[in-house]
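The values are calculated or read from the model by the stated rules, or taken from the named source; none is laboratory data. Quantities reported herein were computed from a predicted structural model and do not represent experimental measurements. Using ideal geometry, Cβ is built from the backbone for each residue, glycine included, and neighbour counts are taken over all protein chains shown.
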Amino acid sequence: MTAQAEHRAEQRAELIAGAVVLAVASGFLAWAAGGDLMHQRGYELAASFPDVDGIEVGTEVRLAGVKIGRVSGVSLNPQTYMADARISIPERIVLPADSAAIIQSDGLLGGSYIQIQPGGSMENLGPGDEIEDVQGAVSLIQLMMKFVDSQSSDDGAAR
């Protein structure tokens, strides 16, 4: 094989390797988007939380443990000092008007997500409606401090 033929073979191998890398990168990008690019049809709901610690744009929204949407925006309401979250839900999922939105944690080291608990109302939420029954993020440090404080006050009462 001549030097020129070897050079062409190397170029071809590099070109194929580059194409494979681009294809894998595109696959990871589509996976990271959660396939949402193909399922853009839906509607937005609003929810005002006292605390949205761990919630940001792109955070999962789950119903019965199944991912059904994402948080599309989070902002501070200057009148109420609450955190307003916008939630994108597919139009095929219809939620009762008295549904609840609760910020949950995926274990001690996991991230946070918004859990939707459907209500029993005969009326449904529509585009732009607000989920009024909300529960903000629970700080594990605050819970531990309350536990320690309650234990120390129990010890003091026993003496």
Criterion violated by Ala85 - all others in (1) in a strand (DSSP E or B); (2) over 16 Å from Gln135 (Cα atoms) satisfied = (2)
Take segment 60-71 and flag every residue that is crowded, with 17+ Cβ neighbours inside 10 Å and over 14 Å from Ser112 (Cβ atoms).
-> Leu63, Ile68, Gly69
Apart from one, (1) more than 17 Å from Ala137 (Cβ to Cβ); (2) in a strand (DSSP E or B); (3) of a type in the set (Asp, Glu) all hold for Asp98; the odd one out is (2)
Some residue of segment 85-98 being more than 24 Å from Asn124 (Cβ to Cβ) and either surrounded by 18 or more Cβ atoms within 10 Å (Cβ to Cβ) or of a type outside the set (A, V, I, L, M) (or both) = no
Restricting the first residue to segment 6-32 and requiring it to be closer than 30 Å to Gly58 by Cα, which pairs with a second residue that is modelled with pLDDT under 85 and of a type outside the set (Val, Ile, Thr) meet a Cβ separation below 8 Å and a spacing of at least six or different chains?
-> Ala30/Leu37
Qualifying position, being more than 16 Å from the chain's Cα centre (by Cα) and modelled with pLDDT of 85 or more, among Val57, Val52, Val20 = Val20
With the condition kept exactly as written, say whether any residue in segment 106-129 is surrounded by fewer than 16 Cβ atoms within 10 Å (Cβ to Cβ), of a type in the set (A, V, I, L, M, F, W, C) and over 28 Å from Gly27 (Cβ atoms).
-> yes
